[in-house]
Amino acid sequence: MEKIANYIDGQFRAPVAGKYLDNINPSIGEVYSLIPDSDGDDVQLAVEAATRAFEGWSSLLPDKRFAVLARIADLIDRDADALALAESIDQGKPVKLAKSMDIFRAGANIRFYATGAMHFSAEAHATGVEAVNYTLRSPVGVAGCISPWNLPLYLFTWKIAPALAAGCTVVAKPSELTPMTAYLFTKLCQEAGLPQGVLNVVHGLGPKVGQAIIDHPGIPAISFTGGTVTGKKITTTAGPMLKKLSLELGGKNPNIIFADADFDQAVATSISSSFTNQGEICLCGSRILIERPLYEKFVKAFVAKTKELVIGDPLNEATRIGALVSEAHMNKVLSYIDLATKEGGTILTGGKRVTVSGRCAKGFFVEPTVVTGLPANCRTNQEEIFGPVVTLAPFDREEEALAMANGTSYGLSATLWTSDLTRAHRISSQLKCGIVWVNCWLYRDLRTPFGGTKGSGVGREGGWEAMRFFTEAKNVCIRL
Ligand code: NAD
């Protein structure tokens, strides 16, 4: 059985303690490879390698950093099919989606920040005729990057690319549930000639490897994407150590549909924003709020389209809904469906585990599920489920929709459907979240700030700003 290796100091290495964890393919429910069960000793080796490599990498001219990162992006494009297959097997998502979204965007992340190395600049301020101030921005040192399982290579590269482009060296940990594409990525880094020690990847469990990265005094900046509970835990260690922290956390995103919306587009895109990647995208809209005159018509059309979604083997081109990432996560999602019923909800379609025939018979599949009749303040409407479960509710007034939309502890994204331009601007400005999509969903321009407010995170960055996070600024003031 294939053994995934850590990548430390440019070498593929077994974990120091020699222990491994099972890596399960969630669409067949069977172990298909082994993951290093690394610990603090492996993190220590990685930090030492990253520290040694820092001087060389941080002082490399930007065009040289650009060249090696751009080569890595080209290699991702070259191996897109193999990476998509690996991601689909590791995570359960349809292979078609893995290629068009995760792998395509992983390449885009690396390419964008490769050019960032060339374009990054600092500011100068003339203080009248008396003085001039300029800012020096230097890479902060070894960066710790920790990523989740839902968009494995996409989010892994989203964490490491701005750090590397800014001149930091990196110790990274992908999710233990989906380590394969990060492993394959390190092979591409080696092939592209990334100098040894610049990127170090340590595989293993969050409380062991992740915590050792957070705890390590040689890592002054942490960029984390994952759940809000883990994010809060990280702050309790990293906060008192005064580390720089960027936290991209969970969401409970509203999707608000006014009666004047383009109906067909609103229904079709809401199906995508609810169920793409089995609903395991932090930006999925899980609470659909519909203006009363449209409510019955929307519910009917939405349920009909949900029933058409093909659930099945992620390797089939026609599959729209693959497997959930793990048995534990499937059970969590099913327990929320149970909770929705106990809270008085009506399940209009879905609600059950699916047994897919053939090789996927033991996979972790759940039907896309539509629930109505729940109050805005119940747990089903307040807590992140992170699966193919969506609630639908009517509203009468704009203020009521806004109150429901803003009425959770999260603030990641929102989607808004209306043909009234003024209303679109007015509501967008009042939604308490990091991103609002108007009449669309999931469009992404890497120059824009990304992230959430409230329980969805801190340290929103985008474009070259994300590189700034990995630097420390020094102002120089010269009296004229
Ligand atoms: P998670 O918090 O369980 O794990 C995320 C990563 O943190 C994993 O690599 C895990 O091993 C590691 N980890 C766990 N405990 C740790 C600890 N004590 N110290 C350091 N690292 C630790 O999250 P998950 O289940 O992998 O991912 C799903 C969550 O991620 C959802 O809440 C989702 O909304 C969120 N997410 C947010 C965004 C965003 O951009 N805001 C994007 C994707 C996913």
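Before moving on, here are some points about what is shown:
- Separation of alpha-carbon centers, the range 254-283 and the range 179-199, rounded to whole Å: 36
- Filtered GluC sites (Glu not before Pro), the range 56-146: DSSP coil and at most 13 other beta carbons within 10 Å: Glu123, Glu130
- Placing a label point 7 Å from the Cα of Lys474 along the Cα-to-Cβ direction, the residues of the range 119-151 whose backbone N falls under 16 Å of that point are 122-123, 133-141.
- Peptide packing: for 156-164, 254-262, the average count of neighbouring Cβ atoms within 10 Å per residue gives the ranking 156-164, 254-262, highest mean first.
- Protection proxy ranking of 133-140, 111-118, 402-409 - average other beta-carbon atoms within 10 Å, highest first: 111-118, 402-409, 133-140
- The residue among Ala165, Leu151, Val366 whose Cα reaches farthest toward the positive pole of the charge dipole of the chain, with charges on the beta-carbon of Lys, Arg, Asp and Glu, is Ala165.
- Dipole of the range 7-74 [Lys/Arg +1, Asp/Glu -1 at C-beta], most positive-end residue of Ser27, Val47, Val16: Val47
- Share antiparallel - DSSP beta bridges, the chain, percent rounded to 5: 45
- Note that the chain carries a Kirkwood radius of 23.2 Å, evaluated over its alpha carbons pair by pair.
- Computed packing ranks the peptides 11-18, 380-387 as 380-387, 11-18, most packed first, by mean other Cβ atoms within 10 Å.
- Whole-number accessible area per residue in Å² for the chain, which is evaluated in the context of all protein chains at 1.4 Å: 39
- The range 254-445: relative contact order as a whole-number percent, Cα under 8 Å and 6+ apart: 27
- Using a simple spin-label model with pseudo-atoms 7 Å out from Cα toward Cβ, Ser100 and Arg78 lie 2.7 nm apart.
- Summed residue charge, Cβ within 14 Å of Pro207's Cβ, Lys/Arg positive, Asp/Glu negative: -1
- Linear extension gain, Val129 paired with Ser357, 0.36 nm per residue minus alpha-carbon span: 74.4 nm
- Extension gain for Lys300 to Glu317 (0.36 nm times residue separation, less C-alpha to C-alpha distance): 3.4 nm.
- Of the accessible area of the range 21-118, computed with a 1.4 Å probe over protein heavy atoms only, carbon and sulfur atoms account for 60 percent.
- In Hz, Karplus ³J(HN,Hα) per residue of the range 237-248 (6.51, -1.76, 1.60; θ = phi - 60°; x = Gly, Pro): 8, 6, x, x, 7, 6, 7, 5, 9, 10, 10, 10
- Simple label model, 7 Å out from Cα along Cβ direction - Thr341 to Glu399, nm: 3.9
- Greater than 19 Å apart at Cα, pairs in Lys454/Lys474; Lys96/Lys362; Lys305/Lys332; Lys3/Lys173; Lys342/Lys454: Lys454/Lys474; Lys96/Lys362; Lys305/Lys332; Lys342/Lys454
- Net length gained if the chain between Lys3 and His119 were fully extended (0.36 nm per residue, minus Cα distance): 37.8 nm
- With contacts taken as Cα pairs under 8 Å at a separation of at least 6 residues, the range 60-104 carries a relative contact order of 34 percent.
- Charged-residue dipole, Cβ positions (Lys, Arg, Asp, Glu), the range 254-445 about Cα centre, Debye nearest 20: 400
- Portion, in percent, of the accessible area of the range 326-365 that falls on carbon or sulfur, probe 1.4 Å: 53
- DSSP beta bridge pairing in the range 254-445, given as percent antiparallel to the nearest 5: 20
- Selected from Trp57, Ala82, Phe450, residue furthest toward positive end of dipole (the chain; charges at beta carbon): Phe450
The values are calculated or read from the model by the stated rules, or taken from the named source; none is laboratory data. Values in this document were obtained by computation on a predicted structure and should not be read as measured data. Don't worry about glycine lacking a Cβ; one is built from the backbone with ideal geometry, like all the others, and counts go over all protein chains shown. Note: accessible area is taken over every heavy atom of the protein model, side chains too, but ligands, DNA and RNA are not part of it. Shrake-Rupley method; radii C 1.70, N 1.55, O 1.52, S 1.80 Å.
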